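Student: The structure is given below, and queries will be raised subsequently.
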Amino acid sequence: MKNLHAVIKKKGYKKIAFKVSKTQHLLVKATINGVKGNFILDTGASNCCIDYEFVDFFKVSAKDSKTKAAGAGATGMDTQIGKGIELQMGRWKTNKVQLVIFDLTHVNLALTQYKAKPVHGIIGADVLLEGKAIIDYFNHYLYLMK
C-alpha cells in the first residue's frame with residue numbers, strides 16, 4: 001500500500017497539523033484576516049465561529065443575526081455574523097467563510113477547568129466540507145483540498 005500522505009498530496013490536498021488537548025479536543029492554528037489564533041477543530045459544529053471578545057482582534061465586521069446558536073451545554077444564544085472573512089490554515093486558504101460570532105465563555109470555561117488552554121473559536125463543518133477534509137487522527141493531520 002502506498003503512503004497515505006503521498007497519495008493525498010498528489011490529489012492536491014494541503015497538510016495541516018493539529019494537536020490533541022488534555023480534553024481530547026483537536027486543536028488547530030488558523031489565521032483570520034491575517035491574525036493568528038487557536039481553534040478547536042469540530043466536525044460536529046455546523047459553522048466556523050469566534051467569540052464576541054475577538055471580533056476586533058480578528059478585524060471582523062460583525063452584523064446582528066436572528067439565528068440562535070446552540071452548542072454543548074448552551075442553547076438559544078444570540079449571534080452575529082461576519083462575512084468576507086479570509087481564513088488560512090497552513091498553506092490552505094479560503095475567503096468563503098462566514099463566521100458565526102457568539103459567546104464562547106462556556107467552551108473556554110470547560111477547557112480551563114481541565115487545565116487546557118482557551119481558544120479563540122471553532123473551525124466547523126462548513127470549512128471541512130469546502131476543503132473535502134480528510135482527518136488522519138493517528139498522525140494528527142488535517143488534509144484540505146484547494
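Student: Counting only protein heavy atoms and a 1.4 Å probe, tell me what percentage of the chain's accessible area is made up of carbon and sulfur.
Tutor: Numbers: 4780 of 8800 Å².
Percent of accessible area from carbon and sulfur atoms in the chain: 54.
Student: Suppose every Lys and Arg Cβ carries +1 and every Asp and Glu Cβ carries -1, with no other charges. What dipole size does the chain come out with about its Cα centre, to the nearest 20 debye?
Tutor: Numbers: 22 positive and 11 negative charges, 191 e Å.
It works out to roughly 920 debye.
Student: Something else now. Quick check on my link table: of K29/K59; K59/K117; K14/K96; K115/K146, which ones sit more than 28 Å apart, alpha carbon to alpha carbon?
Tutor: Working: K29/K59 17 Å; K59/K117 22 Å; K14/K96 17 Å; K115/K146 35 Å.
K115/K146, as the Cα separations exceed 28 Å there.
Student: Another one. Express the accessible area of the chain per residue in Å², computed with a 1.4 Å probe while the remaining protein chains stay in the model. Please report the intermediate quantities before stating the final value.
Tutor: Numbers: 8800 Å² over 146 residues.
For the chain, the per-residue accessible area is 60 Å².
Student: If the cut-off is a Cα-Cα distance under 12 Å, which aspartates and glutamates reach K15, setting aside same-chain residues fewer than 8 apart in sequence?
Tutor: D136
Student: How large is the Rg to Rh ratio of the chain when both quantities use alpha carbon positions and Rh follows Kirkwood? Could you put the intermediate results ahead of the total?
Tutor: Numbers: Rg = 15.3 Å, Rh = 15.7 Å.
Checking Rg against Rh, the ratio lands at 0.97.
Student: Tell me, what HN-Hα J-couplings in whole Hz come from the Karplus equation 6.51 cos²θ - 1.76 cosθ + 1.60 at θ = phi - 60° for each residue of the range 126-139, using x for Gly and Pro?
Tutor: Using θ = phi - 60°, the values come out as 4, 6, 4, 5, 4, x, 6, 4, 10, 10, 9, 5, 5, 9 Hz.
Student: If you build a Gaussian network model of the chain, linking Cα atoms that sit under 10 Å apart, which residue out of I32, I134, I40 swings the most?
Tutor: Taking springs between Cα atoms under 10 Å, the residue moving most is I134.
The values are calculated or read from the model by the stated rules, or taken from the named source; none is laboratory data. All figures in this text were calculated on a predicted structure; none of them were measured in a lab. Note: ideal-geometry Cβ built from the backbone for every residue, glycine included; neighbour counts use all protein chains shown. Each accessible area value is taken on the protein alone, full model and side chains, heavy atoms only, with ligands, DNA and RNA left out. Shrake-Rupley method; radii C 1.70, N 1.55, O 1.52, S 1.80 Å.
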